[in-house]
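The values are calculated or read from the model by the stated rules, or taken from the named source; none is laboratory data. On a predicted model such as this, the values are computed, not experimentally measured, just so you know. Note: ideal-geometry Cβ built from the backbone for every residue, glycine included; neighbour counts use all protein chains shown.
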Amino acid sequence: MIPAAFDYVEAESIQHALALLGQHDDSKLIAGGHSLVPMMKLRLATPSVLIDIGRLDELSRIEDRGDHVAVGALARHRSVERSALLAQHVGLLAHIAAQIGDPQVRNRGTMGGSMVHCDPAADLPAAALALRSTMVIAGANGERREVPASDFFLGFMETAVAHGEMLIEVRYPKQTPPQQTAAKQTVGWNYQKFCRRAMDYAIVGVAVQLGSDPGIALVNMGSVPHFAAAASSALAAGESAARVAELVVEGTEPLADANATADYRRHLARTLTARALAAAGYA
Amino acid sequence: MSKIEITLTVNGEQHTDEVEPRLLLVQYLRDVRRLTGSHIGCDTSNCGACTVILDGDAVKSCTVLAVQARGGEVTTVEGLIGPGEPFTPVQQGFHQEHGLQCGYCTPGMIMASTALLTENADPTDSEIRHALEGNLCRCTGYQTIVNSVRWAAEHPDGVVPDRAATNGAHQ
Amino acid sequence: MSLIGARVLRKEDPNLITGRGQFVDDITLAGTVVMTFVRSVEAHARIVAVDTSAAMACRGVLAVWTAADIQGMATLGLPGLGRPLLATDVVRFVGEPVAVVVATDKFIAADAAELVVVDYESLPVAASLTAALADGAPVLHGALPGNTVFEQPFVDDLAAVFAAAPHVASLQLVNNRCAAVPIEPTACLADWGPSGLTLWATFQAPHHLRNTVAAYFGIPQDTMRVITPDVGGGFGAKINFVPELFLSCALSHKVGRPVRYTQTRSECQVLMYHGRAQEHEVHVAFDDDGALLGLRVRVTQDQGAYPDPTGMGLPVLTTAMSAGCYKIPHVAVSWRNVVTNTTPVAAYRGAGRPEASYLIERTVDLVADELGLDPVAVRRRNFIGHDEFPYATHTPLAVYDSGNYAAAMDELLTLFDYDALKADQAARRDDPDAKLLGIGFSTWLEIAAFGPPGSLEAFGHLASWESVQLRVQPDGSAIVYTGASPHGQGTVTTFAQIAAGELGIPFDKISVRHGDTATIPQGIGTMGSRATAVGGEGVRNASVQVVERAKGIAAHLLEADVEDIVLDGDGFIVNGTPSRSVAWSEVAWKSFQPLEIPTGTQPGSLDITVFQQVPNFSFPSGAYCCTVEIDRGTGEIEITGMYLVDDCGTVINPLLAEGQVHGGVAQGIAQALYEHVVYDESGNPQTSTLMDYLVPAACDLPSFVSGRITTRTPNNQLGAKGIGESGSVGSPPAVVNAVVDALSHLGVRHLDMPITPLAVWSVLADASANGGSITGSEVA
């Protein structure tokens, strides 16, 4: 499969990338390219200009910022998966990154690419939601705005990033590790991904983060990555795991496809939530 | 659409070429460099037959534009050993354990396996299976591939201990 | 020293593990141009107009052809229902080529193809058997109202047998449509110049291709050469005569340059002929002990949009093998072939036999379930005895050669603790938190070694022998030229093993060449598990004849009687007098020197060509067991054990034989749990990428435990039956039987393939809602 022809420009800085975006209406940013290139090969995406931001090293850092860890938009899934900093403070994110696609895809795919692609079946948006992260978006004039993850994913493959803007980084609040007792060793988070082949997108996925500001997010339970608000509140209120699992499907609009009916997806979401809560150590 | 000049190091040799931006890395390797060991088996990054090592990482060269790889170092299956050199442990393992039949997925399997053993010298069978989850084989049913990678892990020098055990028939 | 049975490493490997393999797309000739299709987006439509002007205007485009440009070129397949090389007036499946573009490179070709505008007028679509057989169904071919190409009715429907039987039961089965998915899609490179036509193609039968294409264009066979270099898997799907093979040649002739076609995976999923796609109506009669009294099978074969000669034969093989390895006194079969608005259907690994093993092995489990008997006991009750061969079945096509089905079952049961598994299964059913355990058996049988006279002629081949030429070289090395054209089977290695043992020439000094009609005298090809049982026997036969001739030369050189000459080590000796010896290399060298050979004999006599025939098919068999665990919360199925006992007769190389079994079993598990070519009601393919068509990866499949028994075939002196298709024949019923067994306490009697987590969960949810057993609608 051969993409339609396009012009290619390499961005030398964030500002340069934004300027190029402003100059070309029909342009797209490319980083790892692992969402975009397959779509271009199938000619489902036919940008006339491709702006390569893959060399903007300042966007690939994973940094300790005190109360949160900032992950640059260009951080590859593999670096997220292996980051000691994330393993210590945001273990759920590192764990979820390790479940994406396959090793080759994780070597190239980027955090930001996955977020702005906004595939409801992708893993990382669930991490962003469950962890109550903040997205940092750069505007045409270089201004930065911060958007909570819960306001970021707007529709099917549509995010708060407008044309002319770019996602710069995602800020993940540091999580307090749960109290460990001799009787009970828990990590306080879990991700359950259900798919037919390991390489596939999730039929349903459930990300759970316990702690002072707990969150549950769902993969592929509608046309948009989904934050399970009612279940998360129930979690914060210390309600039973069974009650949380029951509430998790509230507000979802799961679709039917070859792998699942809507009922089955709801069932999976509840079952996987119960399992994730148990694995995370929620009593 | 204007062409772009790219410089790449492929299997240790540096090359500069003018390419269409839409040229995929696998097409660059096969059509421009005439290194046809990396194969194309799908359009959707599923099969892994095109796996090469780019700047130290296993990647699917069908999902990387050649221009994205500019300045990089690529190793393909052809670059694993020089003329007359013994097989790498992974290559030897695939031979010893019948890890290939038609051989079409094999270069990708070998590159992905090589990357695995670089990171994890002694993987379990389960780790091997998961490390190869992005590579499809239609011939072997994978068990002999797992055995092949296991063999390579157990023979890091790639030397076959007892040639007689293979009935004198080798290479 | 015989190497039969030795674990010899492959001669094929060094090139393939170093990137030095040569597949069709790796080969480039000076001036090569590229061919790309414009394919139908409609499943059934009238072509109102095709506008190629914009495409033709592109710089670098050499030709754009539509049906109008190929008038006079014959259709493929059945007369009156033939498939045109490019859709003419009507398209009949999504993906059917409507136009073809030739351009100087693949980018220009792809862009130009996008500019071809096709105006369709939609017609009603019949995208399934149900739709095609419905009253008032759309008619695909004017000559075929009702869409049934051929129907073989029951000769006797066994009404009396069933009426008198203590028990009867029935099953409706769907054998899901599958795609072969060789990792190398179709590729060809045609170079038709003034001195002739050369076609490189990824194909399983080069001479068959040469004969067919030469006849198609009316050119003498001596001016055409087909080369099948390294072939990246075939699985039966690369013996079909698809339009691209002919169009690349015709376009090379037209533009005067080599023309390459390299299929993409998305194209391959809709253009490469599919397999299976059968529906079965099975009725069985049996007594209180589980003895089978009668079997009535009706097969409906989906042929896709254009009936293929091989596709037409699939239900013949299915019905021939319907009784499996059981003594069933009365068997009645009927079949029909039906066209639908889908990709055509032809051979896929097993081709008609996996369908048969599935229907009979599901049926035997049903009988066991009906009677509350152990499925192993019911199988043993009905096995054909090891002393009952040759065994005549309900059809003269299948006269079983040899086997020992009870011994295979005995061997299988040594590989795991069946009683412990059954106890575990019962315990888990009582523990709501435990995964459910299922144990499934398949004692299967297949028809292999396609080679009896007439067997392949029926599918359009020249003949059913396989040709072997064996040439001893002057230095004492030898070359085997075989018409069996392998694509992963390891034939280069196994044939050298066979030859080495018979010739006394070292394995390392024997090369096996294949895949080129210019150098291989004649050939049929690799399909139907025939390479070793027919071609390998030819190698043995040629080797024996060469040794006899060499002995004559040795006798002359040693001044001894030929009767006293024996092979010994690297040469020949006078029996009983090892000091009187002559090395093979010397015999070989002198065999070319008129002064050194007996007067009146010809130089170069150590060169034998054999057209190997076999008197009958062989019938490889085996006993498989699959164990599964089912997650009650999600419906996920995990295969926890796959135990495989094969009987393929003599094994030439256990490493390679096991590899064939593993690959076939992987494809069988894939059919049972993962793979399914799906169309929507409008005939749009839903599985045209490897994201949607679920070929399993390493972590999705179990490891395998293998055992073996050996009953030689009397049909060849090697005793080898064939092994290429066994795994794909034997494994699907084992997997499905295991899943059904896991759920049988809920009243489940059947689930169609592929059994998805969704299907399992639906059953579990239904049972849960109904107090422990499923509702009637779920029961077959």
Subject >> Breaking point among (1) crowded, with 24+ Cβ neighbours inside 10 Å; (2) within 13 Å of chain B (Cβ to nearest Cβ), for residue C:733 >> reply: (2)
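Determine whether residue C:265 is over 30 Å from residue C:358 (Cα atoms) and within 14 Å of chain B (Cβ to nearest Cβ). Full working, then the answer.
Values: over 30 Å from residue C:358 (Cα atoms): no; within 14 Å of chain B (Cβ to nearest Cβ): yes.
Taking the combined requirement at face value, the residue does not satisfy it.
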Original post:
Looking only at residues in segment A:1-16 that are part of a loop (DSSP other than H, G, I, E, B) and surrounded by fewer than 17 Cβ atoms within 10 Å (Cβ to Cβ), which one is nearest to the other protein chains (Cβ to nearest Cβ)?
Top reply: A:5
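Given the residues C:672, C:738, which is the only one that is touching a residue at least 12 places away in the same chain (Cβ under 8 Å), more than 8 Å from every other protein chain (Cβ to nearest Cβ) and in contact with a Cys (Cβ under 8 Å, 6 or more places away or on another chain)?
Working: C:672 fails: in contact with a Cys (Cβ under 8 Å, 6 or more places away or on another chain).
Of C:672, C:738, the one residue that is touching a residue at least 12 places away in the same chain (Cβ under 8 Å), more than 8 Å from every other protein chain (Cβ to nearest Cβ) and in contact with a Cys (Cβ under 8 Å, 6 or more places away or on another chain) is C:738.
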**OP:** Pull up segment C:91-117, narrow it to residues that are more than 32 Å from the chain's Cα centre (by Cα) and part of a loop (DSSP other than H, G, I, E, B), then point me to the one that is nearest to residue B:20 (Cα to Cα).
**Re:** C:105
Original post:
If a residue has to be in a loop (DSSP other than H, G, I, E, B), more than 13 Å from chain B (Cβ to nearest Cβ) and surrounded by 20 or more Cβ atoms within 10 Å (Cβ to Cβ) to count, how many in segment A:61-91 make the cut?
Top reply: 3
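How many residues, within segment B:7-17, are touching a Phe, Trp or Tyr at 6+ places or on another chain (Cβ under 8 Å) and over 14 Å from residue B:75 (Cβ atoms)? Steps first, answer last, please.
Just the residues of segment B:7-17 that are touching a Phe, Trp or Tyr at 6+ places or on another chain (Cβ under 8 Å), to begin with: B:8, B:17.
Now drop any that are not over 14 Å from residue B:75 (Cβ atoms), which leaves B:17.
Number satisfying all stated conditions: 1.
Return yes when residue C:565 is in contact with a Leu (Cβ under 8 Å, 6 or more places away or on another chain) and over 30 Å from residue C:385 (Cα atoms) and no when it is not. Please lay out each step first, then the result.
Values: in contact with a Leu (Cβ under 8 Å, 6 or more places away or on another chain): yes; over 30 Å from residue C:385 (Cα atoms): yes.
Yes, satisfied.
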Subject >> Hits in segment B:8-38 - residues which are surrounded by 17 or more Cβ atoms within 10 Å (Cβ to Cβ) and either closer than 13 Å to residue A:2 by Cβ or β-branched (Val, Ile, Thr) (or both) >> reply: B:10, B:19, B:20, B:21, B:22, B:23, B:24, B:26, B:27, B:31, B:32, B:36
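Among B:127, B:154, which is away from chain A (no Cβ under 13 Å), farther than 15 Å from residue C:183 by Cα and free of Cβ contacts under 8 Å to residues at least 60 places away in the same chain?
Unique residue meeting the criteria: B:154.
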Original post:
Of the conditions (1) buried (at least 22 other Cβ atoms within 10 Å of the Cβ); (2) in contact with a strand residue (DSSP E or B) (Cβ under 6 Å, 6 or more places away or on another chain); (3) within 14 Å of chain B (Cβ to nearest Cβ), residue A:99 fails just one. Which one is it?
Top reply: (1)
Original post:
Filtering segment A:250-283 down to residues that are closer than 22 Å to residue A:213 by Cβ and outside any helix (DSSP H, G or I), which residue is modelled with the lowest pLDDT?
Top reply: A:283
**OP:** Just name the residue that is farthest from the other protein chains (Cβ to nearest Cβ) out of those in segment B:38-51 that are farther than 9 Å from residue B:108 by Cα, in contact with a helix residue (DSSP H, G or I) (Cβ under 7 Å, 6 or more places away or on another chain) and not acidic (Asp, Glu).
**Re:** B:40
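Checking the conditions here, which among C:664, C:633 is out of contact with any strand residue (DSSP E or B) (no Cβ under 7 Å at 6 or more places or on another chain) and in a helix (DSSP H, G or I)?
Working: C:633 fails: in a helix (DSSP H, G or I).
Exactly one of C:664, C:633 is out of contact with any strand residue (DSSP E or B) (no Cβ under 7 Å at 6 or more places or on another chain) and in a helix (DSSP H, G or I), namely C:664.
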Original post:
Can you pull out the residues in segment C:1-55 that are more than 13 Å from chain B (Cβ to nearest Cβ), more than 26 Å from residue B:41 (Cα to Cα) and touching a residue at least 12 places away in the same chain (Cβ under 8 Å)?
Top reply: C:44, C:45, C:46, C:47, C:48, C:49, C:50, C:51, C:52, C:54, C:55
Original post:
farther than 30 Å from residue C:42 by Cα and within 12 Å of another protein chain (Cβ to nearest Cβ) - does that describe any residue in segment C:675-693?
Top reply: no
**OP:** Search segment C:214-243 for residues being of a type in the set (Val, Ile, Thr) and within 14 Å of chain B (Cβ to nearest Cβ), and hand back the single one that is nearest to residue C:258 (Cα to Cα).
**Re:** C:228
Original post:
Just checking, how many residues over segment C:512-526 are within 13 Å of chain B (Cβ to nearest Cβ) and among the small types (Gly, Ala, Ser)?
Top reply: 1
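Please find, among C:377, C:323, C:408, C:351, the residue that is among the hydrophobic types (A, V, I, L, M, F, W, C), out of contact with any strand residue (DSSP E or B) (no Cβ under 9 Å at 6 or more places or on another chain) and either buried (at least 21 other Cβ atoms within 10 Å of the Cβ) or assigned to a helix (DSSP H, G or I) (or both).
It is C:377.
Residue-by-condition table, conditions (1) facing chain C (nearest Cβ under 10 Å); (2) surrounded by fewer than 19 Cβ atoms within 10 Å (Cβ to Cβ):
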position	(1), (2)
B:6	no, no
B:61	no, no
B:71	no, yes
B:76	yes, no
B:93	yes, no
B:105	yes, no
B:113	no, no
Original post:
Of all residues in segment C:507-534 being of a type in the set (Ser, Thr, Tyr) and farther than 27 Å from residue C:349 by Cα, which is surrounded by the fewest Cβ atoms within 10 Å (Cβ to Cβ)?
Top reply: C:519
**OP:** Could you check, for segment B:52-59, whether at least one of its residues is part of a strand (DSSP E or B), in contact (Cβ under 8 Å) with a residue 40 or more places away in the chain and more than 8 Å from every other protein chain (Cβ to nearest Cβ)?
**Re:** yes
Subject >> Residue satisfying condition, being under 18 Å from the mean Cα position of the chain (by Cα), crowded, with 24+ Cβ neighbours inside 10 Å, touching a residue at least 24 places away in the same chain (Cβ under 8 Å) and away from chain B (no Cβ under 12 Å), within set C:663, C:622 >> reply: C:622
Original post:
Going through segment A:47-60 one residue at a time, which ones are more than 10 Å from every other protein chain (Cβ to nearest Cβ) and in contact with a helix residue (DSSP H, G or I) (Cβ under 8 Å, 6 or more places away or on another chain)?
Top reply: A:47, A:51, A:53, A:56, A:58, A:59, A:60
Original post:
How many of the residues making up segment C:411-443 are in contact with a strand residue (DSSP E or B) (Cβ under 8 Å, 6 or more places away or on another chain) and either under 19 Å from residue C:369 (Cβ atoms) or part of a helix (DSSP H, G or I) (or both)?
Top reply: 17
Original post:
Which ones in segment C:202-248 are in contact with a Leu (Cβ under 6 Å, 6 or more places away or on another chain) and crowded, with 24+ Cβ neighbours inside 10 Å?
Top reply: C:203, C:226, C:247
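From the set of residues in segment C:535-554 that are touching a residue at least 40 places away in the same chain (Cβ under 8 Å) and more than 41 Å from the chain's Cα centre (by Cα), which is surrounded by the fewest Cβ atoms within 10 Å (Cβ to Cβ)? Talk me through it step by step, then tell me what you get.
To start, the set of residues in segment C:535-554 that are touching a residue at least 40 places away in the same chain (Cβ under 8 Å) comprises C:535-547, C:549-550, C:552-553.
Retained after the next criterion (residues that are more than 41 Å from the chain's Cα centre (by Cα)): C:552-553.
Numbers: C:552: 18, C:553: 25.
The residue in question is C:552.
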